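In what follows, a single structure is set out as structure tokens and then discussed.
The values are calculated or read from the model by the stated rules, or taken from the named source; none is laboratory data. Just so it is clear, the model here is predicted, and its values are computed rather than measured. Glycine also receives a Cβ, built like all others from the backbone with ideal geometry; neighbour counts cover every protein chain displayed.
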Amino acid sequence: MDAIAAAPVALALALAGVLCGCGAPASRVEGATQAALTFERALTGGDYLRACAQLAPQTRQQLEEEEHEQCVSALRDQKPPTAGEAREAEVYGRQALLRIQGDTLFLSQFGDGWKVVAAGCVPQGEKPYRCSLKSG
């Protein structure tokens, strides 16, 4: 696994010991949760432009490079899983892991707010999460 592909893995390991945003201010947990839910609702509603706006720049770029199309078309074609209500949020510094009914997402905080770094993530036991949408 190269260093770029290991980024979501490192994030998962860094967040593994954090429980429900322990130590993180409620506003940070709420911000990360709302960003994840905005992304999921946009996917569910077919608002791929809004969903693309919720992606971290490197995740959006990776999606477009892999699919050889603009983000909106790539998301529509890829049909990532959509989810329901938030179940658990783990926030540590500028990173977050959100477990939502039907999906697990990783987020990072940028200057303009929380952005989705990886989505469609499935735990693999002792191995890193496998994510259908992620940065390189």
TODO: Just name the residue that is farthest from Ala86 (Cα to Cα) out of those in segment 123-136 that are outside any loop (DSSP other than H, G, I, E, B) and touching a Pro at 6+ places or on another chain (Cβ under 9 Å).
DONE: Pro128
TODO: Six or more apart or on different chains, Cβ under 8 Å: which pairs go from a residue in segment 123-136 that's within 25 Å of Asp77 (Cβ to Cβ) to one that's among the β-branched types (Val, Ile, Thr) and part of a strand (DSSP E or B)? Could you list them?
DONE: Tyr129/Thr104; Tyr129/Val122; Arg130/Val122; Cys131/Val122; Leu133/Val116; Lys134/Val117; Ser135/Val117
Open item on the list: Suppose the filter is over 13 Å from Ala35 (Cα atoms), modelled with pLDDT under 95, basic (Lys, Arg) and surrounded by 16 or more Cβ atoms within 10 Å (Cβ to Cβ); does Lys134 pass it?
Closed with: yes
TODO: Output yes when any residue across segment 67-75 is at pLDDT 50 or above and under 15 Å from Cys131 (Cα atoms), and no when none is.
DONE: yes
TODO: Tell me which residues, restricted to segment 79-107, are polar (S, T, N, Q) and either surrounded by 15 or more Cβ atoms within 10 Å (Cβ to Cβ) or in contact with a Cys (Cβ under 7 Å, 6 or more places away or on another chain) (or both).
DONE: Thr82, Gln95, Thr104
